[in-house]
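The values are calculated or read from the model by the stated rules, or taken from the named source; none is laboratory data. In this text the structure is predicted, and so the values were computed from the model without any measurement. Methodologically, a virtual Cβ is constructed for each residue, glycine included, from the backbone with ideal geometry; neighbour enumeration extends over all protein chains shown. Just so you know, the surface numbers come from the protein's heavy atoms only, side chains and all, with ligands and any DNA or RNA stripped out. Shrake-Rupley method; radii C 1.70, N 1.55, O 1.52, S 1.80 Å.
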Amino acid sequence: MCRLRTIPKALEYIKEQDPKSDISEFFIRKLAKSGQISTAQSGSKIYVDVDVLIAYLSGEKITPTTIYVD
């Protein structure tokens, strides 16, 4: 099951795991908008799967997808 979070909540999760992380909300948003990580969108909200985000940041090869929910 994916753990979808808004970008601010995804950043909060990463900061909990690694308080010294320099990852920013802007960086996560840039990855999401460029299609480098999987996202789900509902209206103007963008959700990212934190497990996929962490895998991407760890250098793992991922296949991003985007899901639009009305």
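What to note about this one:
- Reported count of residues in segment 1-20, each being within 19 Å of ALA32 (Cα to Cα) and either open to solvent by less than 80 Å² (accessible area, probe 1.4 Å) or assigned to a strand (DSSP E or B) (or both), is 12.
- Those residues of segment 48-70 which are closer than 18 Å to LYS15 by Cβ and either surrounded by 12 or more Cβ atoms within 10 Å (Cβ to Cβ) or modelled with pLDDT of 95 or more (or both), in sequence order: VAL48, ASP49, VAL50, ASP51, VAL52, LEU53, ILE54, ALA55, TYR56, LEU57
- Restricting segment 21-33 to residues that are of a type in the set (Lys, Arg) and at pLDDT 95 or above leaves a set whose member that is surrounded by the fewest Cβ atoms within 10 Å (Cβ to Cβ) is LYS30.
- Selection count, segment 34-47, where residues are surrounded by 12 or more Cβ atoms within 10 Å (Cβ to Cβ) and either outside any strand (DSSP E or B) or in contact (Cβ under 8 Å) with a residue 40 or more places away in the chain (or both): 5
- Members of segment 48-70 that are within 12 Å of the chain's Cα centre (by Cα) and in a loop (DSSP other than H, G, I, E, B): PRO64, THR65
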